[in-house]
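A short write-up of the structure that comes next.
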Amino acid sequence: MKESIKSIFNPLKIGRYIAKNRIFMAPMSRYRAIEGGINPEMTIEYYRQRATAGVIMAESTQINKGSGGINCPGIYNENQAASWKKVTEAVHKEGGLIFLQLWHSGRAAHKSILPEGCEVVAPSSIASTEKVMTYEGMQTPTLPRELTLKEIKQLRQDYAEANQFALQADFDGVEIHSAGGFLIDTFLQEETNHRTDEYGGSLENRFRFLGEILDDAVSIWGSDRVGVKLSPVSAYNDMGKGDVLTTFKYVIDQLNKYQLAFLEVNESMPFSNLSESQKATIEELQSLYQGVYIANGNYTAESGAKRIENGKATAISYGRFYIANPDLVARFKQNAPLNELNVDLFYGGDHTGYTDYPFLEETITTISK
Ligand SMILES: Cc1cc2nc3c(=O)[nH]c(=O)nc-3n(C[C@H](O)[C@H](O)[C@H](O)COP(=O)(O)O)c2cc1C
């Protein structure tokens, strides 16, 4: 192993668990679920292959039937929980840890992909211009309808039930997806939240929805099995246009009180560079967070290890590297070349580009094909 990257291999106490290394897998949608938001058998193998990660953050998963996303798995009924349970069992058998990311798309959705009776909803009726995947290709999202207070209460309830199903599926915990311009993120940021009731306006009000979801999650799991993902400076889904520093300083202050298992921060999006002020925002937010801070976005083994050594991250989550390299940990350790990533096979389809990325020779024997 290269001396310069040894810090990413150090075990880490994360909530009530010990992660065997700091090379975590970031949550990534692969849109291969079958009818009813059920995982196909190949999903068991996909996550099992990646169980050497310190922690796997499983992909964004629908908290109710109106959460959006094409062929996205769900966690709001018994059948979905049972299909996830096979995944968690496989990962645990390999000695891995796996958290589930709980998700609702909010305004980043198109009505054509929602089931009968569901609408595209958000804190305010403000459209996003970032195209979303539909059965007819990429399309501009539907103008969302503003949520009523009654619906917000129902959504809170749906998140709580999703937590219960995730517990039933034997996950080690959950990550509340509060990033990427999806539902919770649009409550947090002022540009997408023009509400005048107790869920909009002040920082306290904009945080309320996430706070309530966290209160329920923590009462179900204990705070040491709940994490949050944020993306304060991301422009994805038309976000990051307001005073994100003020907003997320407040959010981090609140999160510190929860003493969560971790905070994962998408610091930079793939294929984008940050401005100096965005970098300064991330540095300041990171310095304010008091718990396990998982840095994410464009990290390599070297840059990740450096950030950990400098005390600016506790662990790193890797996204795209884990798609193409199920044995990323072994490859980093041996300074082995990484497999080439096939971007065309990210979403949908069969096992190609999913479970067929090759392992390094010495680990391949542990995988039954
Ligand atoms: C195919 C793909 C699917 C993704 N799906 C999700 C997701 O479901 N939830 C999420 O929070 N982020 C998602 N992301 C973002 C990743 O978690 C991560 O933040 C991003 O890829 C940056 O990390 P990287 O540079 O190591 O790839 C996705 C990224 C990719 C490439």
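The values are calculated or read from the model by the stated rules, or taken from the named source; none is laboratory data. Model, not experiment: these values are computed from the prediction. A quick note on method: Cβ atoms are made from the backbone with ideal geometry, for glycine too, and the neighbour counts reach across all protein chains shown. The accessibility values were calculated without ligands, DNA or RNA, using every heavy atom of the protein model including side chains. Shrake-Rupley method; radii C 1.70, N 1.55, O 1.52, S 1.80 Å.
Conditions (1) open to solvent by 20 Å² or more (accessible area, probe 1.4 Å); (2) at pLDDT below 95; (3) more than 16 Å from the ligand (Cβ to nearest atom), marked per residue:
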| position | (1), (2), (3) |
| --- | --- |
| Glu136 | yes, yes, yes |
| Pro141 | no, no, yes |
| Lys150 | yes, no, yes |
| Glu161 | yes, no, yes |
| Glu175 | no, no, no |
| Ala179 | no, no, no |
| Ile184 | no, no, no |
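Looking at region 144-162, is at least one residue within 18 Å of the chain's Cα centre (by Cα) and not in a helix (DSSP H, G or I)?
no
Taking Leu214, is it assigned to a strand (DSSP E or B), over 26 Å from Lys131 (Cβ atoms) and not aromatic (Phe, Trp, Tyr)?
So Leu214 does not fit the description; no.
Looking at this structure, is Val87 more than 14 Å from the ligand (Cβ to nearest atom) and buried (at least 24 other Cβ atoms within 10 Å of the Cβ)?
yes
Which count do you get for residues in region 202-221 that are within 19 Å of Arg107 (Cβ to Cβ) and out of contact with any Pro (no Cβ under 8 Å at 6 or more places or on another chain)?
6
Restricting to region 345-362, and then to whatever is in a helix (DSSP H, G or I) and away from the ligand (no atom under 11 Å from the Cβ), can you tell me which residue is least open to solvent (accessible area, probe 1.4 Å)?
Selected residue: Glu362.
Scan region 19-55 for residues that are touching a Leu at 6+ places or on another chain (Cβ under 7 Å) and assigned to a strand (DSSP E or B) and report the count.
Total satisfying the criteria: 2.
Cβ contacts < 8 Å: first residue in contact (Cβ under 8 Å) with a residue 24 or more places away in the chain, restricted to region 335-346; second residue away from the ligand (no atom under 14 Å from the Cβ) and not polar (S, T, N, Q), any location; separation 6+ or different chain. Result?
From region 335-346, the pairs are Asn335/Met1; Asn335/Lys2; Ala336/Ala330; Ala336/Leu360.
Pairs, please: C-beta under 6 Å, at least 6 apart or cross-chain, first residue more than 23 Å from Asp238 (Cβ to Cβ) and in region 136-158, second assigned to a loop (DSSP other than H, G, I, E, B) and open to solvent by less than 60 Å² (accessible area, probe 1.4 Å)?
These pairs meet every condition: Asp158/Ile63; Asp158/Asn64.
Kindly establish whether Leu214 is in contact (Cβ under 8 Å) with a residue 12 or more places away in the chain, open to solvent by less than 20 Å² (accessible area, probe 1.4 Å) and within 16 Å of the ligand (Cβ to nearest atom).
no
I need the full set of residues from region 88-118 which are within 15 Å of Thr43 (Cβ to Cβ) and of a type in the set (Gly, Ala, Ser), in order please.
Ala90, Gly96
Scan region 41-52 and tell me whether some residue there is in contact (Cβ under 8 Å) with a residue 40 or more places away in the chain, open to solvent by less than 20 Å² (accessible area, probe 1.4 Å), away from the ligand (no atom under 15 Å from the Cβ) and among the polar types (S, T, N, Q).
Yes; the residues of region 41-52 include at least one that is in contact (Cβ under 8 Å) with a residue 40 or more places away in the chain, open to solvent by less than 20 Å² (accessible area, probe 1.4 Å), away from the ligand (no atom under 15 Å from the Cβ) and among the polar types (S, T, N, Q).
Which of (1) within 27 Å of Pro144 (Cα to Cα); (2) within 16 Å of the ligand (Cβ to nearest atom) does Gly227 not meet, given it meets every other one?
The failed condition is (1).
Just to be sure, is Ile70 among the hydrophobic types (A, V, I, L, M, F, W, C), open to solvent by less than 20 Å² (accessible area, probe 1.4 Å) and within 19 Å of Leu328 (Cβ to Cβ)?
No, not satisfied.
Determine the pairs where a residue that is farther than 17 Å from Pro27 by Cα and surrounded by fewer than 24 Cβ atoms within 10 Å (Cβ to Cβ), located within region 96-117, has a partner that is among the aromatic types (Phe, Trp, Tyr) and at pLDDT 95 or above with Cβ atoms under 8 Å apart, the partner being 6 or more residues away or on another chain.
none
Just one of the numbered conditions (1) within 16 Å of the ligand (Cβ to nearest atom); (2) hydrophobic (A, V, I, L, M, F, W, C); (3) outside any loop (DSSP other than H, G, I, E, B) is not true of Ile70; which one?
(3)
Here are Ser112, Ser83, Ser125: which of them is modelled with pLDDT of 95 or more, in contact with a Leu (Cβ under 8 Å, 6 or more places away or on another chain) and not in a strand (DSSP E or B)?
None of the others qualify; the one that does is Ser125.
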